[in-house]
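First the structure, in the form of structure tokens, and then the observations on it.
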Amino acid sequence: MELHLQTLTELAAGLERGDFTSVELTESLLQRIAAHNDKLNAFVTITGDEALAAAARADEARASGSGGALNGLPIIHKDIFCTRGIKTTCGSKMLDNFISPYDATVVEELADAGAVVLGKSNMDEFAMGSSNETSFFGPVHNPWDLECSPGGSSGGSSASVAARFAPAATGTDTGGSIRQPASLTGTVGLKPTYGRVSRYGMIAFASSLDQAGVITRSSEDAACLLGVMAGFDERDSTSIDQPVPDYLASIGDSIKGLRVGIVRQHFDKGLDEQCGARVKDAIAVLESLGATTVEVDLPNLDLSVPTYYVVAPAECSSNLSRFDGVRFGHRAENPEDLLDLYCRSRGEGFGDEVKRRIMTGAYVLSAGYYDAYYLKAQRVRQLIADDFKHAFANVDVIAGPTTPTPAFKLGDKVDDPITMYLNDIYTIGANLAGLPAMSVPCGFVNDLPVGLHLVGAHFAEETILRCGHQYQQQTDWHTACPEAFK
Ligand code: GLN
């Protein structure tokens, strides 16, 4: 099989057998990127020279019998992860000139394992968005239909993996930004349990919700990468000190007897009928593998979007206050005084969606409204987390749709924030409750991919990965490649 069509696991085996070198692999993917990226705009930065140097080092390491678990394997980083010596923009004009003096923990871990970084992927500005249209660097296009969005905010990562630029890319998920783009591009997207993967060096949007994860084409590859990325980091105060299991060890185990929760509210209003049908077909496949379905209730599900849009902006208004034109980032020219410097630097550096969130956040945190909005949202957040807790008393996994519709056209929702926000109706709950969740390709509607959403209990990544893997053993949706990128 041609190199670009292979998964991370297949490429690892090829490197190990000596079928090709990491330099050859890296060169061939860089050529694909050079030939096709104009159609997608998936990158903010392509790191060709650094990638080839890293690939050469990986080949040397292999020749001398050393090298980590990902030795010589190409990946892409979302441009939200700080990379030493390489521009990290977070999709914003504010950081267009920012060169980080250090690596994020995730970047460090993957590099230590031998991964070769091909570039930094385009994303919604500060990860705020569901379509990649809020990026300062312009929208990313969906490889399945160039007029459609690849989802967001990790749209450059999802488009790259779908277009076979790389077998895997990192992403971050605050309300759905790994799973929603994975669903819309026919890729696998895994958001781990909050605290499982370090947030150090990952530019903060909403700290109590942000979590790093991966976009791949198989659950097996996601398991492999999670094994490298997961673990305690003393530099992240919310990192959890729990042993990291071998996610690959149990991935081949049967799901016979697995209790799969079907949420009553998921198939109500708002879900595209054909998407719902594909998801139901996928659940039938799980049943055919011996899983049993149990109906569960998430009575506060419809409160998750409004709750998120109080909590996330509140945290973002606090996190983004550091971009003041003084220490780093964009600085306005010729300020009259300090206030003018702050105002114009922020006014010029941030885009509309980011400003909207900062203003909403400052409002809900203000003295007169704190109790009415922020505190109320925190209470509802607890109710939503409790709903999941009750559900997981009776089931091992919750299965449903990742998104209400397949990919939508670029431009269709960008001027209507509420419709855009509703895209994350099925994904946000897992962030509010801190649960691990993933999207797995489960079919097509009008030639556009659809995803199956699997949510697990805290630290039950093994269970959802096994469920995803067993499903992918029975289906081949994830091997479909968009026509223009074969
Ligand atoms: N689409 C959601 C938002 O706009 C989620 C973004 C994310 O997960 N980073 O905030």
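The values are calculated or read from the model by the stated rules, or taken from the named source; none is laboratory data. From a predicted model like this one, the values you see are computed outputs, not experimental measurements. As a convention, Cβ positions derive from the backbone with ideal geometry for all residues, glycine included, and neighbour counts pool all protein chains shown.
Here is the figure for region 288-339: residues that are within 30 Å of ILE255 (Cβ to Cβ) and without any contact (Cβ under 8 Å) to a residue 24 or more places away in the chain total 0. Checking each residue in region 290-305 for being away from the ligand (no atom under 12 Å from the Cβ), on the phi < 0 side of the Ramachandran plot and either surrounded by 15 or more Cβ atoms within 10 Å (Cβ to Cβ) or not in a helix (DSSP H, G or I) (or both) picks out ALA291, THR292, THR293, VAL294, GLU295, VAL296, ASP297, LEU298, PRO299, ASN300, LEU301, LEU303. Residues in region 404-446 that are over 23 Å from ASN41 (Cβ atoms), within 16 Å of the chain's Cα centre (by Cα) and not hydrophobic (A, V, I, L, M, F, W, C): TYR426, THR427, GLY429, ASN431, GLY434, PRO436. The set of residues in region 104-127 that are within 10 Å of THR83 (Cα to Cα) and not β-branched (Val, Ile, Thr) comprises ALA104, GLU108, LYS120.
Have a look at PRO150, PRO139 and point out the one that is within 15 Å of the ligand (Cβ to nearest atom), more than 16 Å from the chain's Cα centre (by Cα) and in a loop (DSSP other than H, G, I, E, B). So that I can check it myself, show each step before the final result.
Working: PRO150 fails: more than 16 Å from the chain's Cα centre (by Cα).
Step by step, each of PRO150, PRO139 is checked, and only PRO139 is within 15 Å of the ligand (Cβ to nearest atom), more than 16 Å from the chain's Cα centre (by Cα) and in a loop (DSSP other than H, G, I, E, B).
When residues in region 252-284 are screened for being over 24 Å from the mean Cα position of the chain (by Cα), of a type in the set (A, V, I, L, M) and crowded, with 17+ Cβ neighbours inside 10 Å, 2 of them pass. Being farther than 15 Å from SER250 by Cβ, assigned to a helix (DSSP H, G or I) and either hydrophobic (A, V, I, L, M, F, W, C) or in contact (Cβ under 8 Å) with a residue 24 or more places away in the chain (or both) holds for only one residue in HIS478, HIS453, and it is HIS478. Could you check THR405 against (1) surrounded by fewer than 24 Cβ atoms within 10 Å (Cβ to Cβ); (2) within 16 Å of the ligand (Cβ to nearest atom); (3) more than 16 Å from PRO150 (Cα to Cα); (4) hydroxyl-bearing (Ser, Thr, Tyr) and say which number it fails? With respect to (1) surrounded by fewer than 24 Cβ atoms within 10 Å (Cβ to Cβ); (2) within 16 Å of the ligand (Cβ to nearest atom); (3) more than 16 Å from PRO150 (Cα to Cα); (4) hydroxyl-bearing (Ser, Thr, Tyr), THR405 is out only on (3).
Considering only residues that are small (Gly, Ala, Ser) and modelled with pLDDT of 95 or more, look in region 327-358 and name the one that is farthest from CYS316 (Cα to Cα). Walk me through how you get there before you give the answer.
Step one: filter region 327-358 for residues small (Gly, Ala, Ser), giving 329, 332, 345, 347, 349, 351.
From what is left, the residues that are modelled with pLDDT of 95 or more are 332, 345, 347, 349, 351.
Working: ALA332: 22, SER345: 17, GLY347: 16, GLY349: 15, GLY351: 14 Å.
Here the answer is ALA332.
Residues that are in a loop (DSSP other than H, G, I, E, B) and away from the ligand (no atom under 11 Å from the Cβ) were ranked within region 153-165; the one that is surrounded by the most Cβ atoms within 10 Å (Cβ to Cβ) is PHE165.
Each row is one residue, and each column tells you yes or no for (1) more than 16 Å from the ligand (Cβ to nearest atom); (2) of a type outside the set (Asp, Glu); (3) in contact with a Cys (Cβ under 6 Å, 6 or more places away or on another chain); (4) modelled with pLDDT of 95 or more.
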{"position": "ILE262", "(1), (2), (3), (4)": "yes, yes, no, yes"}
{"position": "PHE267", "(1), (2), (3), (4)": "yes, yes, no, no"}
{"position": "ALA282", "(1), (2), (3), (4)": "yes, yes, yes, yes"}
{"position": "VAL285", "(1), (2), (3), (4)": "yes, yes, no, yes"}
{"position": "THR307", "(1), (2), (3), (4)": "no, yes, no, yes"}
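When the residues of region 166-207 are filtered to those that are farther than 30 Å from ASP476 by Cα and near the ligand (Cβ under 9 Å from one of its atoms), the one that is surrounded by the most Cβ atoms within 10 Å (Cβ to Cβ) is PHE205.
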